[in-house]
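Each remark here refers to the structure printed beneath this line.
The values are calculated or read from the model by the stated rules, or taken from the named source; none is laboratory data. Note that the coordinates shown come from a computational prediction; the quantities given were computed from them, not determined experimentally. Neighbour counts run over all protein chains shown; Cβ positions are idealised from the backbone, glycine included. Accessible surface is based on the protein model in full, side chains and every heavy atom, while ligands, DNA and RNA are left aside. Shrake-Rupley method; radii C 1.70, N 1.55, O 1.52, S 1.80 Å.
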Amino acid sequence: MGKRIDYYDDPKAPTANNLVPSVNVFVVNERDEVLMIRRTDNDNWAVPGGALGLGASVPDAAVRKTLEVTGITCVITGTIGIYSDPKHIIYYTSDGEARQEFSLVFAAYPLAGEPTPSDESKDVVWVPKHELTGYRMDRSMRLRVEHFLAGGPTYIG
């Protein structure tokens, strides 16, 4: 598996050659814990998510990607924000793709399942909200976490 490298406002970053809509999901359980994954492609922590494919609606993609990456089925309950910063480039070493950031971020609650790692997640854990900022993550995911913890309004940027 190739690696994912995140660049932000970096003159050494590759030029974006793709824009892929993606989703991220803050799944919060009854203990007020957030579902987090440790990514296999960069070893950073993140909330589950992934690319929106053809033929899928945005909420269906969010639920599907969460299940695929974590083993947890969820229900979308709201929107955290829209993230589309052209200064954030995501480079995939496996195929040379350099994506400009574009992610729709949602809140959800779990319905069923047990945290289960996948090809994309080496660890899947429930994290108390007050511990989220202690996890290593890319600056773009940290921004999403900060907006989530602040509780609104919906971020658009």
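Applying 1/(1 + (r/R0)^6) with r as the Cβ-Cβ distance of Lys12 and Asp43 and R0 = 22 angstrom yields a FRET efficiency of 0.60. Calculated over region 1-96, the projected area of the Cα convex hull averaged across directions stands at 7.1 nm². The antiparallel fraction among DSSP beta bridges confined to the chain stands at about 75%.
Taking 0.36 nm per residue of separation and subtracting the Cα-Cα distance, full extension of the segment from Leu54 to Thr116 would add 19.7 nm.
The fraction of Cα-Cα pairs per 5 angstrom bin, counted from 0 for region 24-154, comes to 2, 11, 21, 25, 24, 12, 4, 1, 0 percent, rounded to whole percents. Taking the 1.4 Å solvent-accessible surface of the chain as the whole, the part contributed by carbon and sulfur is 53%. Averaged per residue, region 7-157 has 49 square angstrom of accessible surface, using a 1.4 angstrom probe with ligands and nucleic acids left out.
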